[in-house]
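Asker: Dumping the structure here so I can ask a few things about it.
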């Protein structure tokens, strides 16, 4: 049996973007129902906060980190300063790290989420879990729910269904054929902020899980970044790699400068002072290279040249390609800008708005992703409230 219900303001997806859209709608006096396919809300948000919830970034030129200039008005409306004020309004004290990243003092996402859900409940927002959107029935939405098949007739809808990474947490892009079938232009999804594969020899196994800290990552397009990354059984991952993942995905090649604070001439001079008969490992160790860096030289530098200094300044990294989309922290691609009005309403589907990682934009980790999800959720919710 199919039930049919009318709803004033429907939000599909209970991640940060969807909850922010719900808050904006409720603040405008709309009666809001948020539906979520998973048994509980904001699962990816909670997972992201397990290692410390990086909620935003306080550094200069915040908007320059995004590949989508059309987000600028939204980020201006709800950027790092506003995100921090919003966190304080939920009783969450914050601190800013030396890199400009902003974290709750509690570090975890769960205290902020509990406070937020409590405020939404007081505002009358209703949350229904285990409601999976299955498609359209005319202008209405169909759902599989614990009570069976339900058809919802909303006055206005905000879609906040996430991108295409971490499917087990809800971002599975199952919505793509539903919207594409209604004429919504969608850019293909690609992994973003992801690791890259390496075909390791067995000798590297003992270094899996170790960080490489004091290196510069040098790209063939001229970009040079300092950042820590991790040696894993699958390849390279971590913040330093994520920061350049878009360039690498687009075809740039990678070299490592393992001694970025010293010119090659100084390194050559120090190598020349070594004792005759020293092994390569001993010579590199006396330079101050850690064991994991020495292992990389021996893994990728063979046959080792006479001029070790040049190799240390530009060690080639034989990447085999990006790790799969579902392993990525985020995704690039999604609903194309031309499919949206300036208010984030779908041109092909009036009264339906979209926000968060469903949209075609890309940004690095470091607080940028969460801030944009919150900003686009607020923007879409405020616009939807006027319909």
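Asker: I need the peptides 60-70, 24-34, 5-15 ranked by packing, meaning the mean over residues of other C-beta atoms within 10 angstrom, with the highest value on top.
Answerer: The packing order, highest mean first, is 5-15, 24-34, 60-70.
Asker: While we're looking at this one, here's another question. Could I have the simple spin-label model distance between residue 47 and residue 121, label points 7 Å from Cα toward Cβ, reported in nm to one decimal?
Answerer: Calculated label separation equals 2.5 nm.
Asker: Kindly put 229, 95, 189, 353 in sequence by how many other C-beta atoms sit within 10 Å of each C-beta, fewest to most.
Answerer: Arranged by neighbour count, lowest to highest, 229, 95, 189, 353 become 95, 189, 229, 353.
Asker: Taking a spot 7 Å from the Cα of residue 310 along the direction of its beta carbon, which residues of the range 244-274 have an amide N less than 18 Å from it?
Answerer: Under cut-off, by backbone N: 255-259, 263-272.
Asker: Let me ask something else. May I ask you to derive the relative contact order of the chain, considering only C-alpha pairs under 8 Å and at least 6 residues apart, and to give it as an integer percent?
Answerer: Dividing the mean separation by the residue count of the chain yields 26 percent.
Asker: Once the Cα atoms of helix 368-385 and of the chain are each reduced to a long axis, what angle between those two axes, in degrees from 0 to 90 to the nearest 10, is obtained?
Answerer: 10
Asker: With the cut-off at 1.5 for a/c, could you classify the range 196-322 from its C-alpha gyration tensor as rounded, prolate or oblate?
Answerer: prolate
Asker: Rounded, prolate or oblate: which fits the range 30-95 when a ≥ b ≥ c are the square roots of the eigenvalues of the alpha-carbon gyration tensor, with rounded for a/c under 1.5 and prolate only if a/b beats b/c?
Answerer: It comes out prolate by the Cα gyration axes.
Asker: Is the shape of the range 287-351 rounded, prolate or oblate, going by the alpha carbon gyration tensor and its root eigenvalues a ≥ b ≥ c, with a/c under 1.5 for rounded and a/b larger than b/c for prolate?
Answerer: prolate
Asker: Could you state the number of Å between the C-alpha centres of the range 270-327 and the range 186-233?
Answerer: Centre-to-centre distance over Cα atoms comes out at 15 Å.
Asker: By how many nm would the segment from residue 139 to residue 272 grow when fully extended, if each residue of separation counts as 0.36 nm and the alpha-carbon distance is taken off?
Answerer: 40.2 nm
Asker: Follow-up. Sorted from fewest to most neighbouring beta carbons within 10 Å, what does the list 53, 19 look like?
Answerer: Fewest-to-most Cβ neighbours within 10 Å comes out as 53, 19.
Asker: Now a separate question. If one takes the longest principal axis of the Cα atoms in the chain, at what angle in degrees, from 0 to 90 and to the nearest 10, does the Cα axis of helix 16-27 lie?
Answerer: Approximately 30 degrees, to the nearest ten.
Asker: Another question, if that's okay. At a 10 Å Cβ-Cβ cut-off, how would you order 355, 87, fewest neighbours first?
Answerer: Starting with the residue having the fewest Cβ neighbours, the order is 87, 355.
Asker: How far is helix 110-122 tilted off the main Cα axis of the chain, in degrees rounded to 10, range 0 to 90?
Answerer: On a 0 to 90 degree scale, this one is about 10.
Asker: Could you give the length gained by full extension between residue 31 and residue 279, i.e. 0.36 nm per residue of separation minus their alpha carbon distance, to one decimal place?
Answerer: 82.0 nm
Values quoted throughout were computed directly from the atomic coordinates according to the rules given, and no laboratory measurement underlies them. These numbers come from a predicted model, not from an experiment. When we count neighbours, we look across all protein chains shown, and the Cβ atoms used for this are built from the backbone with ideal geometry, even at glycine.
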